[in-house]
Structure formats: structure tokens, C-alpha cells
1. Just to confirm, what accessible area per residue do you get for chain A at 1.4 Å probe, in whole Å²?
2. Treating the stretch B:116-246 as a set of equal point scatterers at the Cα positions, no solvent, please give the Debye-formula log₁₀ I(q)/I(0) at q = 0.10, 0.15, 0.18, 0.22 Å⁻¹.
3. Taking one equal scatterer on every alpha-carbon of chain C, how large is log10 of I(q)/I(0) by Debye at q = 0.08, 0.10 1/Å?
4. First select every other residue whose beta carbon is under 10 angstrom from the beta carbon of B:LEU483; then total the charges, Lys and Arg +1, Asp and Glu -1.
5. Across the residues of B:301-307, average count of Cβ atoms on other protein chains within 10 Å?
6. Taking the Cβ of B:ALA387 as the centre, find all other residues whose Cβ is under 14 Å away and add up their charges (Lys, Arg: +1; Asp, Glu: -1).
7. Under the √(5λ) rule applied to the eigenvalues of the Cα gyration tensor, what semi-axes describe the equivalent ellipsoid of the stretch C:39-130? Give them in Å, descending.
8. Out of every Cα-Cα pair in the stretch B:261-325, what percent are more than 15 Å apart?
Amino acid sequence: MSTVFLALQTNEDTRPIIEAILQDNPSAVVDEQPAMVKINADGRLVVRRETIEELIGRDYDLQELQVNMITMSGNLDQTDDEITLFWKS
Amino acid sequence: MDMQVAKKKLGLKERYAVMTRGLDWTPSYQKMEDIYPCIAYEGIKIHDWDKWEDPFRLTMDAYWKYQAEKERKLYAIIDAFNQNNGHLNVTDARYINTVKLFISGISPLEYVAHRGFAHAGRAFPGPGPRVACLMQSLDEIRHAQTQVHSISNYNKYYNGMHDFHHMHDRVWFLSVPKSFFDDAITAGPFEFMVSIGFSFEYVLTNLLFVPFVSGAAYNGDMGTMTFGFSAQSDEARHMTLGLEVIKFILEQDPANVPIVQRWIDKWTWRGYRVLTLVAMMMDYMLPKRTMSWKEAWEVYFEENGGALFKDLARYGITMPKCAEQIALEKDHLSHQAWSTFYNYAAAANFHTWMPDEDEMAWLSSKYPESFDKQYRPRYEFWREQAAKGNRFYNKTLPMLCQTCQIPLVFTEPGDPTKICYREVDYKAEKYHFCSDHCKEIFEHEPEKYVQAWLPVHQIYQGNCFPEGTDPTAEGFDPLAAVLKYYNFENGRDNLDFDISEDKKNFDEWRGQATKNI
Amino acid sequence: MQIDLRTVSIKPLRHTFDNIARRIGADKPASRYQEGTLDMQQTANFHYRPTWDPEHEIYDASRTAIKMADWYAFKDPRQFYYGAYTLARAKQQDTAEANFDFVENRGLASTLPESLRDTVLKLLLPLRHVAWGSNMNNASVCAYSYGTGFSQPHIYQAMDQLGIAQYITRVGLLLGDVESLDEAKRAWTEDDTWQGLRRYVEDSFVIKDPVELFVVQNVVLDGLMYPLVYDTIIDDVLSSQGGTPVAMLTQFMTDWYAETKKWVDATVKIAAAESPENKQILSQWLTAWRDRAAAALLPVARIALGERTDAVMADVVQQFNARMAKAGVAI
């Protein structure tokens, strides 16, 4: 499987999001760079709304993620509940 | 209240469908081909526009909300950066030359992208792609403007940026990025989407932005880092659009596959040639290096692009064939480019210099196969000459590639000692190329590329002097006249960094900030 | 390294870019609107002709019959560059959101008299297609017009119209359901009431002259439709019949029109003031398309106004003529 990744700005908004992503994707690997956190995963990475909401204690709209997103790779599918990055092969 | 019927709550996908797809209708008072005249001539066959998958489903209200949040943050930081003379916090004044390159070479392209996506959005009959393209058109004017606004403060204190619009349309090396985007926007709407939406945004944008932005971060330029990251947050949306475009076109009809493959081949190469400027920026212009060009290419193209093309293999799409040549060039590209700009320092709107000993050591370690053998001796020679007061400024105009418009300075694939020349005879004229790939691009569409406004040819034809210049006058200095046409301030905007006003001012200003004088 | 720079006072070499200084006549600090707008579009040494329009350059002032010595004579009185634009819309969006919440949470939609609700659904929902048409037309003007001073507001206008189409959709979902949207689309494509307007919109799709298209869409059609539908029918007539919640749901459109009208008027005024020839052309376009638009809107207005339609329409046209006269074009 090829690697998919998501890179976010390092700030207070993204700290719990990164934590949530790592909870939901145990095999994901964090790569910290200046002002940026890149999360790599093998073939598939899921961002779940519920996990984030549990960590931040308020309602969260996954579209808010766009404010802090720097780059990504893979195909993307988004619903109300989760964002999935994936390669098909 | 008893009339209140429990309404089904629509999910994101259904909601977005009624918010966009439902707006469209089939016209009957005018013919489809008159309303959408650009859609057939490229030979792409679309049977069902509704098969388009919307990647991010942003309605306008959400768009305004989130984008306004980004803008608020961005301008707060720009203001703070300016108020605190943040420019004096950069590593050293050499860094500022990357900003000059960016504003005169890249920012104007963001503007062309804005107009190009408006054109593509207007051209496509399907509401899915239209909305995505128009949203990107709106984002692109954002990028053009936030860049101008961020860099505006640098222009107040440093040279070379003061007339960047004028320069972009005229200066010899800026015809490289300009002709790239002119090529894309003058192509049909499908090719535009593959060129910019896919090849540039998806395949190559990480190579432009991540090194540039993290370069800014490494070198203490918080203003540029902020606009860069802020722009990148839109880029994630653009990348998914680029990938969706490709998948959509390929799934619509098998006859589309070879057309798209040719475009991917062409635009990966065209884009790569433009990135030559980024390569030399990474290896030479950032006082504090992030990663080498070669490393960036390996991570963002070979590894990441490899995953992408593996994914697209199910449609019959293969890795662009130019990737092989690029792999051969990656040990040489930035060095050959920097040597060229060092030569032509009199005719560029930024300064060049020779790397110091530490930097040479870094280059040796990053390029063990090539640097010490091919480039270090050359640099040492130039450095010696400069020390003797013979700083070399090349005044002979170079031959340009008809397609990418870069001077013919690149070497044969696999032989770094021999300059690569290719030529084609077309309608009794001879055309020159830097590579087989540029030559092939020309041969496929000669009628397009013969139109190219080649700066060197234009200078020789007398088209690059200020109005009213008399080239037959006694003592006429063609170079001085060309620099006037560029609106360069000779001696301030150009020449070697060591003798520049930028260096002098920066040292003095920083001295004021750190010492009691 | 972090340096404390508070005490440093250094003198800038220049205050703005040369092109801005040339245009504003001096090297002095320029606004973000100016730096983000003036000369943004390339003007010289284009490399290739568009394969989709080989008769013209990429940006070509001759795509329109209107002639300007300097296309940067056009200025947006709102001074919208992207940042100013999005902040303005985000604020309006906040208000709209609060209004929708208010109507929704208090169940105000179900307090509307049945006949009034029907009228709103019949009148308002097909207009989402008109807004969609405007989105496309404004994209067209943005793509093919000359000079950022003129082209820039059109991308904002295009996206505003998409936003309006989406707000109307939400009104439809709140007062009705997905079927109401389908029914409105059927009416838009089939019912006699809407065919004049649909023909107007579809005919505008094939206009190649970007300034004419600006006139046909933003000056004429919006100039008659918004005062008629939002200012008169919804805010006035229906509100007096218990339809205030509807006026809350369309407040975005009312405010938006009041704001964009300033830009539209300024644009007409600048083009007309340039030359008698421009004034003549504008007057022809305005007259011909005004008559078509007014005729097309008549059956639409009748949905809500019944017998008062002709009188209200005459009034709206009257006001439009006065507005254009003020902008310098007598029609």
C-alpha cells in the first residue's frame, strides 16, 4: 500500500485534532516539521468527528479542518461524520 | 403546529446535491453548443456530467465563514510583522532575493489562475465542476492579493520588486513562468484543468509551496510563512479538485485516456522546467537550507507522485515518461540554473553570489555524485576572479528553448559535460530546444509554439527598448536600453549581492537594532 | 535569533509599487484595495492566442463595444479585494444564520398562512435558477473582460449569486421540502409564467460582449428583479400579510442588493462618462433589455401581486429609469 498523508498547521486548534487522528489510526506516524505536523498512514487515514468532539467538548464541523490544513495526498471522501483519505491500490 | 411534518434531515452529500446540482436545467431557447462553445474541440468525450464527485462539499455560507477566519488571522500577522520590522529578523539579506523571485515570477501566475478557472468554470456545462472551478478562481485571486500584500512591505525597504507587474511581462527569465501559464490558459478548458488543476496543483504544488514556505519558516520570515500556509489551506481543496478532474475524465470514455496521458506528459515536463527556479532557490538562495532540491524531488515526486500514478494505473495511465530524464537531471538542475543566473546577474531583478565554504560543503554532501566534480571548480574560479575585481557578467544573449524559454544551458541526460541542443525545421524556419521533451511538445502543436514571444529574439529585433529609442544613435548601449525597458534601476536592482544596496542597508538597519549607536 | 526592534526607526526606500505610484500620482502608501487591484492583469507580450478564441489576445479590450482610454478608471466603491469581500460576506452570513435559526427554532415557518407560504414557494424557488444563471454570466464577465478594476467584482458577484441560489434553496427546504424544489424546477422549465424570464436568461448565456453581459445581468435584470421581489413583494406586501419570517430569511438578498447596487451604478457612470459613443451603446442595451426584462417579470410578479401587478411593475421601471438617469444614461 502507498502512503497517504495529511499535513496540518501546528497550533492550538489542531492539537486535539491530531490527538483524535492518532487515536483513530493507531498505525499512523507523526512527522513534526517547523510550524507543521504531517501525519502519514499506510493506504488509509480517517478523521472522525465524534472523536474530536469528545476531546474538545463541543460540536465540531469537519469542514473547520480546512482552516488549518496544509496539504494531503490520496483520494478524499467526506461525510458529516468522517473524512477519509485513501489509495485504491 | 399539527401541520408540522417531521422533515428528513439531509446529510452532507444530499444537502450539497440540492444546493448545487439541483440548480442546473437543460436549456431549450438556445442550443447547448452555442452556450458551451469550448467543450467539444479538444476531443474529450463526456457522457454524464452528473457522475462528477464533489470532493469538498462547501456551500458558500461555509466558504465565507472559514475563509474570513483565515483572512483575519493572516492580516493580523502581516500587520504585526510589518509594525515590528519583521524583515530584519530574516537570516540575512540574501534570503530576500527569494521573495523577489516569488513576487515577480509566481504571484502574477496566481492571477492568471484566477482568470483561467473563471474561464474553465464558465466553459463546463456540469454544475459540479463549475462550482469547484469558480471557487478555485476566487481562491486564486486571494493568493495573488495576499502575496502582494505580504510582500508590499519588503518592497518598501528592498530593491528589485518595485515594478514587478511590468517586469513579469517583459524580463527575459520571467517569460519562463509567464509562457507556462499563457500556454495553459490558451489551451482548451479540459487541458487547462489537467495542466493546472492536476499536473501543477496535485503533482507539483508541494514542490513549490512546501519548500518555499518551510524555507521562509527556517529563515525567520514569518510574513511569508503565514501567507504560504494560509494559501496552502486552500490548496488542499484544489488538489482534490485536480485529482477528481482526472478521474472523472478518464472514467467517462476510454478514448479520453490517450489524450489525458499526453497532457500529463506535457504538463509534468512544462511544470518541472518552471520549478528550475525553485530548485536553485532551495539549494542556493535560502541562507538556512531546509532540504535539497534532490531530496524534495524524491519525497514529493518520486515517492508521493509514485503512489498517485500507481493509483491511476487502473485507468491505463502511466508515470509520465519525462520522469526518467528528471531523475538524471536531479543532481545537476539547481547548479546549472544558479550558474546561469550568476552569469546574467546584470539582467535579473535579484542578486546572485557565490556560495561560501560552508555552503559548498553542504552542496557536496547533498550532491556527492556531481558537485565537487562538475560545479565546485567553476565556482572557485569565479570566486577568485571576483576577488581580483573581475566579477563575471555575461553580456552575450543566450539561445532560448522555443518551448520552455529557458536558455540552452542544460546538459545531455547522462552526460553533464555536454550541452543538450535539439532543433526542428518547420515551415522554412529553424527552432531550438533544450530537450527531447520540449521538442516533442513543439512538434505536437507547432502552430501554437511558433507564436512564442522569445525575449532574446525580441531584443535582437529591437522590440525591447523604451519607446523613442534610436538604436542607430552614436554610442547606443543595447543592454542599458533593455534594462530601461524592464524598468530596472541599474546598480540597485541587479548585479552581485556583495555590492548591493540591500546588503548595505540590511547590515546597517540590523546594526541599529542590536547595538547602541 | 529574535531582535527587539521597537526602538529602531528606519526610513523606507519607497512607499508602494511603481505602478501604483504612477496611477495615484505619487509615491505614497497605497490601500490594500489599490495594491491588490491596479495592474494585476497582464497587459503585454502574450505568448499564444487562446485556442478557444483565436481572434483575440488572452485579455483583450476589443471583446466589448465599450471603449475606455484606461480600464482602471473602473473602481469598486466598496473597495473589495478578497479579504474585504470575504469579511463583509462572513458578517452577513452570520446574520443570515441567526435569522434562519430564529425562524427554525421558534417554528415560525408553520405559523405562516397557507396561501402565503404557497405564494412564497411559487415565487421564490424558481429564482434559484435565475441566480444560477447569474453565477454563470458573472463568471463569464470575470473571465473575458479587461482590467482587474472591471473584472474583479464579477467573481465576487458570481459567488454571491451562488450563495443566493443556496439561500433560496434553504428557504425552500424550510418552508417546503425537496419535492418543492423539484416542483419549482418543473415550473421554471414548463410553466408559461416563467418562460419569458427563462428565455431572457438563456439568451443572456450566448452574449459574447462582457460589458453588455454586465448590463443585461447585473444592471437590468437584477435592477428590476431585486426591487420587485425582495424590496416590494417580500419586505412590503407579504410582510403586511404576516410574512415577516420570510423577510428575515431573505434579508441577505435585500442587504446584498443595496450594497452591490452602489458598485453597479458607479460602473455604469464611469463607462457612460467616458464618451458619447459609450453612452449611446449603453443606452441601447439598457432600453432593449429593460423592456424584455420588465415583460418577462410581469407574470412572475402576478403570482404575488394579482391585480396590482401592472402598477407595481410600472413603478419599479420608473425607479430604474431614474437610477440610470442619475448614473448618466437617459433611457
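The values are calculated or read from the model by the stated rules, or taken from the named source; none is laboratory data. Worth saying up front: this structure is predicted, and the values here are computed from it rather than measured. Backbone-built Cβ (ideal geometry, glycine too); neighbour counts: all protein chains shown. Each accessible area value is taken on the protein alone, full model and side chains, heavy atoms only, with ligands, DNA and RNA left out. Shrake-Rupley method; radii C 1.70, N 1.55, O 1.52, S 1.80 Å.
1. 42
2. The Cα Debye sum returns log10 ratios of -0.36, -0.81, -1.12, -1.41.
3. Rounded to two decimals, the profile gives -0.44, -0.65.
4. Numbers: positive: B:LYS484; negative: B:ASP477, B:GLU489, B:ASP493.
Net of charged neighbours comes to -2.
5. Mean shielding count: 3.
6. Around B:ALA387, the charge tally is -3.
7. 45, 20, 13
8. Working: 1204 of 2080 pairs.
Cα-Cα pairs in the stretch B:261-325 separated by more than 15 Å: 58 percent.
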